[in-house]
Amino acid sequence: MKIVVCIKQVVTREWQLRVNDQKTWIRDQDASFELNEPDAYALEEALRLKEKHGGEVIVCSAGPARAAQVIREALARGADRAIHVESDALASADAVSIAQSLAGAIRDEQVDLVLTGLQSDDQGFGQVGVVLAETLGMPHATIIMEVQAGEASGVRVKRELEGGWFQWVTLPLPALLTIQSGINQLRYATLKGIMAAKKKEIRKVTPAQAPAPSQRISRLYFPEKARKTQMIGGGAAEAAKDLVRRLREDARAL
Amino acid sequence: MILVVAEHRDGALNRASLETIAAAQHAGGPLKIVVLGSGMETVVGQLAAADAAEILIVDDPALEPYTADGFVLALEQVIRAENPERVFLPHTYQTRDFAPALAARVQRPLVTDCIAVRDGGYARPVFQGKLHADVAVDGPHLATFQIGAFRADAMKSGASPAPARKAAIAIDASRIRQKPEAPFKEARQAVDLSQAERIVAVGRGIKSQEHLAIAQQLAQAMGAELAASRPICDAGWLPMDRQIGSSGQTVAPKLYVALGISGAIQHLVGMKGARTIVAINKDAEAPIFEVADYGIAGDLFEVVPAMIAELHKSTA
């Protein structure tokens with residue numbers, strides 16, 4: 001089973017966000033970056049499918065040169081090789097541009113499955129996987145909590161619906177799945193994996209001339225506080241005492 | 001013209017559809033509503049109450065049950081025939097499954113998870129809601145609206161029922177590649193948090209499974225149930241049936257204490273109905289403070305033990 005996993009490099013959750021002077025993107029020159037967490041679950045699922053059914057896991061990332069960090073991380077966790085569609089413009093690109101860049105790199109690979117995370121922790125479009133499926137002409141299913149491969153009819157997957165409901169769906173291969181966080185328990189790279197990753201192939205691809213983006217951020221800002229939260233200051237002990245008093249006397253919640 | 005795609009399940013419209021109609025009415029201009037499925041009399045009746053120019057019905061057995069391919073095939077034809085300037089959809093799991101493919105098929109941009117209509121564009125949360133972005137979009141497009149961004153009771157009703165019309169489209173069922181089975185619920189949930197009077201919920205800020213003990217002690221001291229945001233259950237630190245949010249339980253207790261929870265929208269939709277909300281988080285900019293009545297921007301590992309001590313002291 002040949003599986004491509006699409007991964008994105010995003011700023012770490014701990015990094016204190018700052019907006020650039022044009023107010024169109026973050027000031028990420030001095031940011032720290034990590035593998036988009038939902039994509040980590042997609043990678044883990046691909047590695048588990050390979051362990052069970054054999055085959056190859058290829059990671060593919062569309063992003064600037066610095067995205068090599070998360071590509072190496074994925075190779076260290078066990079992916080066999082990588083494709084890096086490299087362009088600075090992809091760091092803040094819209095979903096269609098990213099999907100087209102990925103499609104160009106994946107199209108000739110003759111894969112059985114393409115896995116992506118549900119959405120990215122930065123722009124959070126939740127679109128790239130589904131647009132990629134449409135671009136590649138593959139059927140897709142989203143928000144997947146279990147994958148059963150190796151069946152003659154294709155791949156049988158468990159979709160998460162809302163309100164605690166689930167549904168099994170069968171798709172013919174090749175197919176694209178967007179993976180829900182929590183589908184599996186993540187593994188981390190071992191020292192052996194990190195050493196092995198150094199010898200693995202990272203093929204660099206230049207994206208085709210992308211069409212002008214159809215949507216763009218005109219202003220990026222910190223949201224205004226809508227509700228009057230009573231912020232309780234002071235030292236921990238003092239704040240705790242004050243909070244308990246207010247919960248008892250004002251809110252009558254205790 | 002704005003075309004709203006309404007969503008229904010088990011013969012009833014969902015609330016998110018009414019919110020999306022309210023969003024379209026707020027945006028202004030002529031409004032049509034399309035509904036897809038098979039045998040939808042009740043749903044069409046509900047929709048006709050809305051102040052809209054027309055209800056379009058796409059009734060085809062190939063659309064029941066839902067599949068992404070079926071909905072894309074149907075709506076592609078509706079969009080080509082009606083040529084709306086904008087298509088509005090609720091940002092539900094179902095929409096997220098087909099709308100990006102539909103947008104790509106008709107080659108129109110899709111702006112997802114919008115919270116406001118602004119200057120012809122939209123506002124949407126980015127970076128997990130820590131920042132908001134105003135998005136400009138060119139030409140005819142599609143937009144999805146976050147649950148709760150508009151109020152369902154803000155939907156304007158018409159003076160008389162909106163006329164309904166069957167859309168003349170044909171769906172080639174052999175082009176539907178997804179083969180769905182019947183939806184089901186997992187084995188009965190062991191814990192029904194919706195009945196809890198008080199809830200102490202933990203998020204990523206708890207840092208490790210061992211630290212759950214102090215949250216448990218606080219819950220005990222308050223007479224509360226312990227719950228969590230999604231990442232904690234994903235990590236296996238607490239069972240999935242203690243998860244609050246769009247993929248877990250929805251609760252409205254008397255008191256909700258959020259420890260180290262940043263407040264992603266998926267979590268907020270599950271708990272913002274609580275009567276009193278307390279947030280303790282070291283990041284003063286965390287979105288959870290948007291919905292909190294009382295907030296402490298501080299280290300939960302200092303504040304929580306102090307709260308436990310205070311609670312024991314005054315009950316002693």
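Residues in region A:108-124: is at least one more than 8 Å from chain B (Cβ to nearest Cβ), within 18 Å of the chain's Cα centre (by Cα), farther than 25 Å from B:Asp234 by Cβ and among the β-branched types (Val, Ile, Thr)? No: region A:108-124 contains no residue that is more than 8 Å from chain B (Cβ to nearest Cβ), within 18 Å of the chain's Cα centre (by Cα), farther than 25 Å from B:Asp234 by Cβ and among the β-branched types (Val, Ile, Thr). Evaluate the following for A:Ala197: is it surrounded by fewer than 23 Cβ atoms within 10 Å (Cβ to Cβ) and in the same structural domain as A:Phe125 (by TED's automatic domain parsing)? The answer is yes for A:Ala197. Of all residues in region A:188-213, those being within 22 Å of the chain's Cα centre (by Cα), part of a loop (DSSP other than H, G, I, E, B) and aliphatic (A, V, I, L, M) number 2.
Give, as residue ranges, the strands (runs of 3 or more DSSP E) completely inside region A:1-66 that count at least 2 residues that are over 17 Å from A:Arg81 (Cβ atoms) and touching an Asp or Glu at 6+ places or on another chain (Cβ under 8 Å). Before the answer, list the steps.
Values: elements: A:2-6, A:9-11, A:33-35, A:56-63.
Qualifying strands (runs of 3 or more DSSP E): A:9-11.
If I filter region B:91-107 down to residues being over 18 Å from the mean Cα position of the chain (by Cα) and in contact (Cβ under 8 Å) with a residue 12 or more places away in the chain, which single residue comes out as surrounded by the fewest Cβ atoms within 10 Å (Cβ to Cβ)? If we take residues in region B:91-107 being over 18 Å from the mean Cα position of the chain (by Cα) and in contact (Cβ under 8 Å) with a residue 12 or more places away in the chain, then B:Arg105 is surrounded by the fewest Cβ atoms within 10 Å (Cβ to Cβ).
With the requirement that a residue be of a type in the set (A, V, I, L, M, F, W, C) and touching a Lys or Arg at 6+ places or on another chain (Cβ under 8 Å), what does region A:106-123 give you? Don't jump to the end; show me each part of the working.
We begin by selecting, within region A:106-123, every residue of a type in the set (A, V, I, L, M, F, W, C); these are A:106, A:111, A:113-115, A:118.
Those that are of a type in the set (A, V, I, L, M, F, W, C) and touching a Lys or Arg at 6+ places or on another chain (Cβ under 8 Å): A:Val111, A:Leu113.
Selection of region B:288-306 for residues being more than 7 Å from chain A (Cβ to nearest Cβ) and surrounded by 24 or more Cβ atoms within 10 Å (Cβ to Cβ) yields B:Ile288, B:Leu300, B:Val304. Scanning region B:55-77 for any residue that is over 23 Å from B:Ile171 (Cα atoms), within 23 Å of the chain's Cα centre (by Cα) and either β-branched (Val, Ile, Thr) or not assigned by TED's automatic domain parsing to the domain that holds B:Met155 (or both) turns up nothing. When A:Ala42, A:Ala76 are checked against the criterion of being in contact with a Gly (Cβ under 6 Å, 6 or more places away or on another chain), surrounded by fewer than 21 Cβ atoms within 10 Å (Cβ to Cβ) and closer than 23 Å to A:Asn184 by Cβ, A:Ala76 stands alone in meeting it. Taking the criterion of being within 16 Å of B:Gln216 (Cα to Cα) and in contact with a Ser or Thr (Cβ under 8 Å, 6 or more places away or on another chain), the only residue of region B:259-278 that qualifies is B:Ile261.
For residues in region A:1-35 being among the polar types (S, T, N, Q) and over 22 Å from B:Ala136 (Cβ atoms), which is surrounded by the fewest Cβ atoms within 10 Å (Cβ to Cβ)? Before you say what the answer is, go through the steps one by one.
Of all residues in region A:1-35, those among the polar types (S, T, N, Q) come to A:9, A:12, A:16, A:20, A:22, A:24, A:29, A:32.
If we keep only those that are over 22 Å from B:Ala136 (Cβ atoms) as well, we get A:9, A:12, A:16, A:29, A:32.
Numbers: A:Gln9: 23, A:Thr12: 11, A:Gln16: 9, A:Gln29: 7, A:Ser32: 11.
Out of the qualifying residues, it is A:Gln29.
Exactly one residue out of B:Leu13, B:Leu47, B:Leu31 is surrounded by 17 or more Cβ atoms within 10 Å (Cβ to Cβ) and modelled with pLDDT under 95, and it is B:Leu13. Residues that are among the hydrophobic types (A, V, I, L, M, F, W, C), more than 21 Å from the chain's Cα centre (by Cα) and under 15 Å from B:Lys179 (Cβ atoms) were ranked within region A:127-156; the one that is surrounded by the most Cβ atoms within 10 Å (Cβ to Cβ) is A:Val155.
Residues in region A:196-254 that are more than 8 Å from chain B (Cβ to nearest Cβ), in contact with a Ser or Thr (Cβ under 8 Å, 6 or more places away or on another chain) and within 30 Å of B:Val117 (Cα to Cα): A:Ala210, A:Pro211, A:Pro213.
Residue-by-condition table, conditions (1) surrounded by fewer than 24 Cβ atoms within 10 Å (Cβ to Cβ); (2) assigned to a helix (DSSP H, G or I):
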| site | (1), (2) |
| --- | --- |
| B:Gln217 | yes, yes |
| B:Ala227 | no, no |
| B:Leu238 | yes, no |
| B:Ile308 | yes, yes |
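Here B:Phe88 qualifies as surrounded by 15 or more Cβ atoms within 10 Å (Cβ to Cβ) and more than 12 Å from chain A (Cβ to nearest Cβ).
Restricted to region A:207-224, and to residues that are exposed (fewer than 11 other Cβ atoms within 10 Å of the Cβ) and not small (Gly, Ala, Ser), which residue is modelled with the lowest pLDDT?
So the first thing to find is which residues in region A:207-224 are exposed (fewer than 11 other Cβ atoms within 10 Å of the Cβ), and the list is A:209, A:211-212, A:224.
Checking the rest, the ones that are also not small (Gly, Ala, Ser) come to A:209, A:211, A:224.
On the way: A:Gln209: 75, A:Pro211: 72, A:Glu224: 80.
Of everything passing the filter in region A:207-224, A:Pro211 is modelled with the lowest pLDDT.
Residue count for region A:78-117, restricted to those that are assigned to a strand (DSSP E or B) and either out of contact with any strand residue (DSSP E or B) (no Cβ under 7 Å at 6 or more places or on another chain) or of a type in the set (A, V, I, L, M, F, W, C) (or both): 6.
Matching residues to (1) in a strand (DSSP E or B); (2) modelled with pLDDT under 95:
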{"residue": "A:Leu132", "(1), (2)": "no, no"}
{"residue": "A:Met138", "(1), (2)": "no, no"}
{"residue": "A:Ala141", "(1), (2)": "yes, no"}
{"residue": "A:Ile144", "(1), (2)": "yes, no"}
{"residue": "A:Val147", "(1), (2)": "yes, no"}
{"residue": "A:Val169", "(1), (2)": "yes, no"}
{"residue": "A:Leu186", "(1), (2)": "no, yes"}
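Candidates are the residues of region B:108-145 that are within 15 Å of the chain's Cα centre (by Cα) and of a type in the set (A, V, I, L, M, F, W, C); the one that is farthest from the other protein chains (Cβ to nearest Cβ) is B:Phe145.
Let me confirm something: among B:Ala221, B:Ala201, which residue is within 23 Å of B:Gly129 (Cβ to Cβ), at pLDDT 90 or above and either touching a His at 6+ places or on another chain (Cβ under 6 Å) or not in a loop (DSSP other than H, G, I, E, B) (or both)? Full working, then the answer.
Values: B:Ala221 fails: within 23 Å of B:Gly129 (Cβ to Cβ).
Result: B:Ala201 is the single residue among B:Ala221, B:Ala201 that is within 23 Å of B:Gly129 (Cβ to Cβ), at pLDDT 90 or above and either touching a His at 6+ places or on another chain (Cβ under 6 Å) or not in a loop (DSSP other than H, G, I, E, B) (or both).
Taking the criterion of being among the small types (Gly, Ala, Ser) and without any contact (Cβ under 8 Å) to a residue 60 or more places away in the chain, the residues of region A:120-150 that qualify are A:Gly124, A:Gly126, A:Ala133, A:Gly137, A:Ala141.
Name the one entry in A:Leu254, A:Leu247, A:Leu243 that is aliphatic (A, V, I, L, M), without any contact (Cβ under 8 Å) to a residue 40 or more places away in the chain and outside any helix (DSSP H, G or I).
Values: A:Leu247 fails: outside any helix (DSSP H, G or I); A:Leu243 fails: outside any helix (DSSP H, G or I).
Unique residue meeting the criteria: A:Leu254.
The values are calculated or read from the model by the stated rules, or taken from the named source; none is laboratory data. Predicted model only: the values in this text are computed from it and were never measured. Counting neighbours? That spans all protein chains shown, and the Cβs are built from the backbone with ideal geometry, glycine included.
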